[in-house]
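Before any comments, here is the structure.
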Amino acid sequence: MKKTALNAMHRQMGGKMVEFAGWDMPVQFEGISIEHETVRKKLGVFDVSHMGEFWVEGSNAFALVQKVTTNDVAALVDGKVQYSCLPNGKGGIVDDLLVYRFNKEKYLLVVNAANIDKDWAHINAQNDVNAKLTNVSDETSQLAVQGPLALQAMQMLTETPVTDMPYYTFKVLEFAGVPNIIFSTTGYTGSGGCEIYMPNQYAEKFYKAVLEAGKSFGIKPIGLGARDTLRLESGFCLYGNDIDDTTSPIEGGLGWITKFTEGNNFIDRHLFEEQKKNGVQKRLKGFVMAEKAVPRHGYEVVDADGNVIGKVTSGTMSPYTHKGIGMAYVTKPYWKEGSEIYIKIRNKQVKAIITRPPFFKD
């Protein structure tokens, strides 16, 4: 198993370690519910160093990124971040990712840990414009400091103003005494905060500095368990569960990052445009259990008569609302908000209501 630069620290701090995407990662420290609540109300720090980072540079960098991603890269300005996905040429999704624009000839792509090799091979195979590609995943560490108090706490570690940074922007700044650090107001929890990228040799120094700076604000180290419940409560997709090589962004509710603007001739554009115009057979939708029950990945979704109409892709007991929540692909007309569906749990049909995420209210 691969280990991040913070692996030894996680073990010293009592992290419960599990295998995730080939990495030895902490699933929890104090407990998923308390870690979840800490991020929603205060702030927490996640080690997300297992994520992948690719630089795309050169005079044709823009052309390549525009070709391989569904969002409109032309809409980006320097210092802006974009959520997007990589279409696979067959109507499915290679991965979802973040695109950072440094300038028109320099972009950073941040991809999922489980897909680093696959994404790298895919983007290289599409690079017919000779953009310069560099995979820095193995030498880059990343911390996600998430929660409503995150930016306030992190301001203590830099002289560059960060508390007023708009969502999905970034700065290159001096952080904890180290210059040229990428600091972005991104994250996958729905509670605000930032993500900080650093060379591996600074990971322990930064982790300690972040915990120290956040101490008076109530910071805690957070594991992957709460990361999953937080993203699901916010209605964010998890690659491999909710979207994959067989699902299109239109089916997966990612039409908002699939831009059919003039000149945006990305892979599979015509196919997705047709799906948007003519409709699709299934759609990814959020739901809330009407009774006390926990939906799980793979459970069948049925109508009142027991006919199969879909499948659960993600499900959990929401630590914030104490209700079972989930996402599922369902067929028309059951994907309309407010529709009653039933989740088959141990051969029992348990009622749920199609509900638009986020499932929590601040």
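The values are calculated or read from the model by the stated rules, or taken from the named source; none is laboratory data. As the structure is a computational prediction, the values presented were derived from the model and not from experiment. FYI the Cβ positions are ideal-geometry reconstructions off the backbone, even for glycines, and counts take in every protein chain you see.
Worth pointing out:
- Top-ranked residue of region 1-43 - restricted to ones that are among the small types (G, A, S) and within 30 Å of V94 (Cβ to Cβ), ranked as surrounded by the most Cβ atoms within 10 Å (Cβ to Cβ): A5
- Condition check for V111: among the aliphatic types (A, V, I, L, M) and either surrounded by fewer than 17 Cβ atoms within 10 Å (Cβ to Cβ) or modelled with pLDDT under 95 (or both): no
- All of Y342, Y329, Y320 fail the test of being in a strand (DSSP E or B), among the aromatic types (F, W, Y) and in contact (Cβ under 8 Å) with a residue 60 or more places away in the chain, apart from Y329.
- Of T158, T140, T134, T189, all but one fail to be among the hydroxyl-bearing types (S, T, Y) and closer than 30 Å to F359 by Cβ; the exception is T189.
- Within region 348-361, considering residues that are of a type in the set (D, E, K, R) and in contact (Cβ under 8 Å) with a residue 60 or more places away in the chain, the one surrounded by the fewest Cβ atoms within 10 Å (Cβ to Cβ): R356
- Wholly within region 159-243, strands (runs of 3 or more DSSP E) carrying at least 2 residues that are free of Cβ contacts under 8 Å to residues at least 40 places away in the same chain, closer than 30 Å to G326 by Cβ and among the aromatic types (F, W, Y): none
- The set of residues in region 192-243 that are farther than 22 Å from A114 by Cβ and acidic (D, E) comprises E204, E212.
- Filtering region 284-308 to residues that are of a type in the set (D, E), touching a strand residue (DSSP E or B) at 6+ places or on another chain (Cβ under 8 Å) and not in a strand (DSSP E or B) leaves E291, D303.
- Residue identified as among the aromatic types (F, W, Y) and more than 22 Å from I257 (Cα to Cα) among F102, F46, F54: F46
- Every residue from region 252-262 that is touching a residue at least 24 places away in the same chain (Cβ under 8 Å) and under 17 Å from the mean Cα position of the chain (by Cα): G252, G253, L254, I257, T258
- Residue check, N124 surrounded by fewer than 19 Cβ atoms within 10 Å (Cβ to Cβ), out of contact with any His (no Cβ under 8 Å at 6 or more places or on another chain) and not in a helix (DSSP H, G or I): no
- Selection of region 136-158 for residues being part of a loop (DSSP other than H, G, I, E, B) and closer than 20 Å to E53 by Cβ yields only V136.
- Residue check, K311 in contact with a strand residue (DSSP E or B) (Cβ under 7 Å, 6 or more places away or on another chain), at pLDDT 95 or above and of a type outside the set (F, W, Y): yes
Per-residue answers, yes or no, for (1) aromatic (F, W, Y); (2) outside the structural domain of G31 (by TED's automatic domain parsing); (3) farther than 24 Å from L76 by Cα; (4) over 19 Å from the mean Cα position of the chain (by Cα):
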{"site": "G225", "(1), (2), (3), (4)": "no, no, yes, no"}
{"site": "D242", "(1), (2), (3), (4)": "no, yes, yes, no"}
{"site": "I250", "(1), (2), (3), (4)": "no, yes, no, no"}
{"site": "N264", "(1), (2), (3), (4)": "no, yes, no, yes"}
{"site": "E274", "(1), (2), (3), (4)": "no, yes, yes, yes"}
{"site": "G286", "(1), (2), (3), (4)": "no, yes, yes, no"}
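- Residue satisfying condition, being closer than 26 Å to G190 by Cα, crowded, with 19+ Cβ neighbours inside 10 Å and in contact with a helix residue (DSSP H, G or I) (Cβ under 6 Å, 6 or more places away or on another chain), within set P295, P319: P319
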